[in-house]
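Presented below is the structure to which this report refers.
The values are calculated or read from the model by the stated rules, or taken from the named source; none is laboratory data. Worth saying up front: this structure is predicted, and the values here are computed from it rather than measured. Glycine also receives a Cβ, built like all others from the backbone with ideal geometry; neighbour counts cover every protein chain displayed. Ligands, DNA and RNA are excluded from the accessible area calculation, which covers all protein heavy atoms including side chains. Shrake-Rupley method; radii C 1.70, N 1.55, O 1.52, S 1.80 Å.
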Amino acid sequence: MNDWPLTLMAVHAHPDDEATGTGGVLARYAAEGIRTVLVTCTDGGCGDGPGGVKPGDPGHDPAAVALMRRQELEASCDILKVSHLEMLDYADSGMMGWPTNDAPGSFWQTPVEEGAARLAELLRRYQPDVVVTYDENGFYGHPDHIQANRITMAALAMTVPTPKVYWTTAPRSMMQRFGEVMREFGADWQEPDPAEAAAMAKIGLPDEEITTWVDTTAFGGQKFDALAAHASQGENIFFLKMGQKRFTELMGVETFVRVQDTTGAAVPENDLFAGLR
């Protein structure tokens with residue numbers, strides 16, 4: 001047994017996912033004295049290299065990118081006051097359809113039972129009261145996010161006791177607002193074509209289907225700074241352009257769907273630990 005009264009475990013695919021998806025709850029619950037455990041499944045080697053060089057382009061070194069992103073991840077964890085960082089260190093699979101999906105050793109090619117067995121060891125070690133990961137589509141169809149969901153749910157089935165389990169999501173109302181802000185701040189923003197717009201419209205859930213709304217406004221500065229720690233990744237620049245105030249206004253509430261519960265806490269709820277304290 002440990003001296004921590006409660007434990008939150010977040011299972012993410014890549015360095016920087018912890019900041020965008022759960023930076024607020026990691027910071028909030030750490031401040032409340034809850035042990036926070038971050039499991040990052042891949043090395044992030046398919047991310048941008050120095051100067052924004054993309055995978056497959058001259059000068060992109062996946063090993064060097066992975067090392068750089070590990071350092072950024074550790075800085076992010078320091079900002080969010082994450083208690084324990086665990087790296088599974090599978091090779092980043094890249095976006096759906098990339099050749100790296102099929103590379104030996106990539107997370108996407110890893111048998112689910114293998115990844116689940118490794119994660120189950122961490123579940124037994126930390127005995128989290130709450131586990132957070134992605135939904136079955138990885139929120140937006142990224143293969144490593146999908147795989148993170150698969151190994152998490154399989155690992156949970158292999159272990160006892162049973163924690164509360166949540167999948168990250170976004171309310172459709174916020175996604176609409178996000179598009180408006182993209183147009184406001186993105187000088188090179190281009191309206192998506194009809195197929196892209198249809199795909200984007202399926203991201204997230206109708207507001208009434210979201211079970212859990214956690215106010216993390218007070219920790220917006222930490223979330224912003226944690227994302228800024230991943231400065232090598234070009235997709236983060238847009239968020240940082242907003243400035244901390246606008247960023248917090250847009251992303252100061254983190255939302256989830258509760259998919260496993262033994263507490264009987266009523267939904268909608270405003271606390272991942274509702275029914276546990």
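Multiplying each eigenvalue of the alpha-carbon gyration tensor of the range 87-145 by 5 and taking the square root yields semi-axes of 23, 15, 8 Å, largest first, rounded to whole angstroms. Where both bridge residues fall in the chain, DSSP classifies roughly 30% of the beta bridges as antiparallel. The count of lysine pairs in the chain whose Cα atoms are under 27 Å apart, excluding pairs fewer than 8 places apart on the same chain, comes to 12. Its relative contact order, with pairs defined as Cα atoms under 8 Å and 6+ residues apart, puts the range 89-155 at 35 percent.
Sorting 26-33, 238-245, 61-68 by their mean Cβ neighbour count within 10 Å, with the most densely packed peptide first, gives 26-33, 61-68, 238-245. For the chain, adding -39500 (n - 2.57) for each run of n ≥ 4 DSSP H residues and dividing by the number of residues yields -12500 deg cm²/dmol at 222 nm.
When the accessible area of the chain is split by element with a 1.4 Å probe, what percent falls to carbon and sulfur? Intermediate values should be presented prior to the final figure.
On the way: 6830 of 12460 Å².
Reported share for carbon and sulfur atoms: 55 percent.
Sorted largest first, the principal axis extents computed over the alpha-carbon atoms of the chain equal 50, 40, 34 Å.
Applying a 10 Å radius around every beta-carbon, put 16-23, 116-123 in order of their mean neighbour count, most first. Each step should come with its number before you reach the end.
On the way: 16-23: 26.1, 116-123: 19.2.
For the peptides 16-23, 116-123, the packing ranking is 16-23, 116-123.
Round to the nearest 0.05 the FRET efficiency obtained for Q244 and S173 when R0 = 35 Å and r is the Cβ-Cβ distance. Show your work: numbers first, answer last.
On the way: r = 22 Å, r/R0 = 0.64.
Efficiency at R0 = 35 Å is approximately 0.95.
The H on the amide N of V132, modeled in the peptide plane, is under 5 Å from the matching H of M9, A10, V11, Y166, each at least 5 residues off or on a different chain.
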